[in-house]
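Below is one structure, written out as structure tokens; comments come after it.
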Amino acid sequence: MMEITEEEAVIVNSSRMKSVVWNDFDRVKKGETFGAICRHCKRTLSGSSTSGTSHLRNHLIRCRRRSNHDISQLLTRGKRKQTTLAVANFSCNQSAVRNEMVTVASANFEQGVEVRNMNVGSLCIDQRRSQLDLARMIIMHGYPLGMVEDVGFKTFLQNLQPLFDFVTVNGIEAECIELYKREKQRVYEELDKLPGKVSLSADRWATNRGSDYLCLVAHYIDDSWEVKKKILDFFSVDPSEAEDMLSELIMTSLRNWDIDRKLFSLTIDNLVTYDKIVYSIRDQLFQQRFLMCEGQLFDVRCAASTVKLLVRDVLETSLEITNKVRKTIQYIEGSRETQEKFNEIVQLVGINGQKWLSTDNPFQWNSTYVMLETALEYKEAFPQLQEHDPGFSMCPSGVDWDRLRGITSILKFFHEVSNVFVGHKLVTANSYFAEICDIHLQLIEWCHKSDDFISSLALKLKSKFDEYWKKCSLIMAIAAILDPRFKMKLVEYYYPQIYGDSAPDCVDIVSNCMKALYSGHASYSHLAAHGQSSSSESNGSVVKDRLSGFDRFLHETSASPNTKSDLDKYLEEPLFPRSADFSILNWWKVHEPRYPVLSMMARNILGIPISKVAPESLFDIGDRVLHHSWGAEKSDTLQALMCSQDWIRNEVEDPKTPVFALPVDAK
């Protein structure tokens, strides 16, 4: 609408207008156009009878020059009841709201204002609800708690909703803790109802202030055959603490979450310093008869972190050559004149490089690999530059380039394997066996290289890899057998290449473990079907059923020798065709009624995190650091923020979970 000023407008008698908003507006007319001039800030809005008064009411709520003491009267309109907007409890007359939104949008359109979304919640406010939503937002997006006291944020909220009561840092911290407790109870109940076992991963973190933390994550496959993981604890640890203290810290966490009897495996970094921790936890669980296969499959070392350890050895061995290449590139990038001269040499030599030279980030080994691979493309140009530039004296020698070619091929192989680990959003345990076997075979091949530099490096790498293979090859082989596209055939294909004449014995070890694991699940299934368990609760304490072994014996000896088990039927049937869109979880979901015991076993095995490294940390050389504004928070607060952030983000990703649903007492 055209701009109207008080001087050129005619005031129209608005006594017939019943709305209280006209106590604060003058209705004016110029020509055929009606306007409403605010008596406080002199702003002109539409005064047409077809525009309604909602836009006038909203203006008064936001008007800076008007006292907010009497805003409450604006929140009642005729016969319409006062409404409160809550995403989880939308109780106002939606038809009336839509009509009002259309009217307001029309009025604003006349004034040239684009209306994308009219928030009916501005009519009134639920303080408690809004404070919890603010806490949820801070947790979900990782905002600093101190933002609630920032002047810019306060101004934004004041203009958006003047009725909102500002909170302090301490206040929002308390809200975050409350949300954490509520979410924790929900996660506890979810874990309690799981149909299968839980696998745990443990990861060390550091903050930018030098504090160390231990992050425990539960991994499992739920009753819908979906992979889930939840942070259970994120607690501060003293680096000087002995291994037995750390193991007891983990055991305490397991007991607090009541999953010690449900634990199937523990995935941790492949470091010798963690051996005592794993052994201590395994021994305690084994003594309580909570572990299957006598704990053979409990100790799982992270595949991705093992690859990073091997890469670190490669980079340390080639440090001198890598530094030469890095300094060479830095020299060329150091001046425009040198860059132009090098470009001329590249054209004269006839190099058609696909990438341009650039220095690496020493803390990201994939960038070092790219730097070395790119330098190899231009290796013919570097000696020419040395001839024309006396200042260039760090050019790698011919021997250096030969070794560099071997190093780059090793890094390229590990780079490809690492990408497989994060190539899909959900990488289940069956995905790793072939890749790890290929690493084993490649190391054997490198050990037989005629180049002493490469062969000696490969021997060093294989020595470390063999320790990992001893701990983890069995669990990965079983996971591969539970892939209907491979079954025993993948083990029978790789083991002769790895073990040679000893392959049949090694295949038998895998087969026997598979049968023992199946027998354990069959006994567990039998006991569960009859409402029994290996222990029962009496007066709040756990009492072992000393005849639980007899129940298993009875089940095993009463089965007919001619009856085929799930495992026998599964292994005898033809392989499922391989395809790019195959989903192993969907396959087992469909075939669960056909293989009731084996599907239970598949759920537990496929849910094991063979690799626990996050995609964004896959190529990091250093430790995982919490680069976060939360790093300065107290340890209890940081635990609440990290855990609840993980849980809330999982809710957002799960369409079945109402994101903003809160308990009734929070509304």
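The values are calculated or read from the model by the stated rules, or taken from the named source; none is laboratory data. Quick caveat, the model's predicted, so the values are computed rather than measured. Please note: Cβ atoms are built from the backbone with ideal geometry, for glycine as well, and neighbour counts cover all protein chains shown. Protein only, heavy atoms only, side chains kept; ligands, DNA and RNA dropped before computing areas. Shrake-Rupley method; radii C 1.70, N 1.55, O 1.52, S 1.80 Å.
Under 12 Å Cα-Cα from Lys324, which aspartates and glutamates qualify once same-chain neighbours fewer than 8 residues away are excluded?
Straight-distance partners of Lys324: Asp400.
Provide the per-residue ³J(HN,Hα) series for the range 159-172, in order, calculated from phi with Karplus coefficients 6.51, -1.76, 1.60 and θ = phi - 60°, each as a whole number of Hz, with x at glycine and proline positions.
Taking θ as phi minus 60°, the curve returns 6, 6, 8, x, 7, 6, 7, 5, 10, 8, 4, 5, x, 6 Hz for the range 159-172.
In terms of Cα to Cα distance under 19 Å, which aspartates and glutamates are near enough to Lys471, apart from those fewer than 8 places away along the same chain?
Hits, sequence-local ones excluded: Asp203, Asp269, Asp275, Asp283, Glu294, Asp299, Glu435, Asp438, Asp505, Asp508.
From the C-alpha coordinates alone, can you work out the Kirkwood hydrodynamic radius of the range 370-427, in Å?
Hydrodynamic radius (Kirkwood, Cα pairs) of the range 370-427 is 13.5 Å.
Please give the solvent-accessible surface of Glu340 in Å², to the nearest 10, using a probe radius of 1.4 Å with every protein chain present.
Answer for Glu340: close to 100 Å² accessible.
Just to be sure I follow: if Rg is taken over the C-alpha atoms of the range 279-412 and Rh is the Kirkwood radius over the same atoms, what is Rg/Rh?
1.28
Full extension from Gln158 to Asn419: what is 0.36 nm times the residue separation minus their Cα-Cα distance, to one decimal in nm?
Values: separation 261, 0.36 × 261 = 93.96 nm, distance 4.81 nm.
The span from Gln158 to Asn419 would gain 89.2 nm if fully extended.
Compute from the Cα atoms of the range 156-298 the Rg and the Dmax, the latter being the longest Cα-Cα distance, and quote both in angstrom.
Final numbers for Rg and Dmax: 19.0, 64 Å.
Could you tell me what % of all Cα pairs in the range 249-355 have separations over 25 Å?
Value for the range 249-355: 54 percent of Cα pairs lie more than 25 Å apart.
Quote the charge dipole size of the range 467-517 about the Cα centre in Debye, to the nearest 20; the model charges only the Cβ of Lys and Arg (+1) and of Asp and Glu (-1).
Magnitude of the dipole: close to 240 debye.
If I take R0 = 22 Å and measure r between the Cβ atoms of Asp581 and Asp438 in this structure, what FRET efficiency does the formula 1/(1 + (r/R0)^6) give, to the nearest 0.05?
The formula returns an efficiency of 0.45 here.
Please get the size of the charge dipole for the range 319-463, origin at its Cα centre, with Cβ charges of +1 on Lys and Arg and -1 on Asp and Glu, quoted in debye to the nearest 20. Write down the numbers at each step before the final one.
Numbers: 14 positive and 19 negative charges, 82 e Å.
In debye, rounded to 20, the range 319-463 gives about 400.
Report the label-to-label distance for Lys460 and Gln185 in nanometres (one decimal), using points 7 Å from each Cα along the Cα→Cβ vector.
Output for this residue pair reads 5.6 nm.
May I ask you to evaluate 6.51 cos²θ - 1.76 cosθ + 1.60, the Karplus curve with θ = phi - 60°, for each residue of the range 392-405 and list the ³J(HN,Hα) values in order in whole Hz, giving x for glycine and proline?
Values, residue by residue: 8, 10, 10, 5, x, 7, x, 5, 4, 5, 5, 5, 5, 5 Hz.
Let me know the Kirkwood hydrodynamic radius for the range 427-534, please, with Cα pairs as the basis and the value in Å to one decimal.
Kirkwood radius, the range 427-534: 15.7 Å.
When Rg is the radius of gyration of the Cα atoms in the range 125-207 and Rh is its Kirkwood radius, what does Rg/Rh come to?
1.12
Could you run the Karplus curve 6.51 cos²θ - 1.76 cosθ + 1.60 with θ = phi - 60° over the range 367-378 and give me ³J(HN,Hα) per residue in whole Hz, x for Gly and Pro?
Couplings: 6, 5, 4, 5, 4, 5, 5, 5, 4, 4, 5, 10 Hz.
Phe156: accessible area at probe 1.4 Å, nearest 10 Å²?
My reading of the accessible area for Phe156 is about 120 Å².
Which value, in Å² rounded to 10, gives the accessible area of Trp356 with a 1.4 Å probe and all protein chains present?
Near enough 120 Å² of accessible area.
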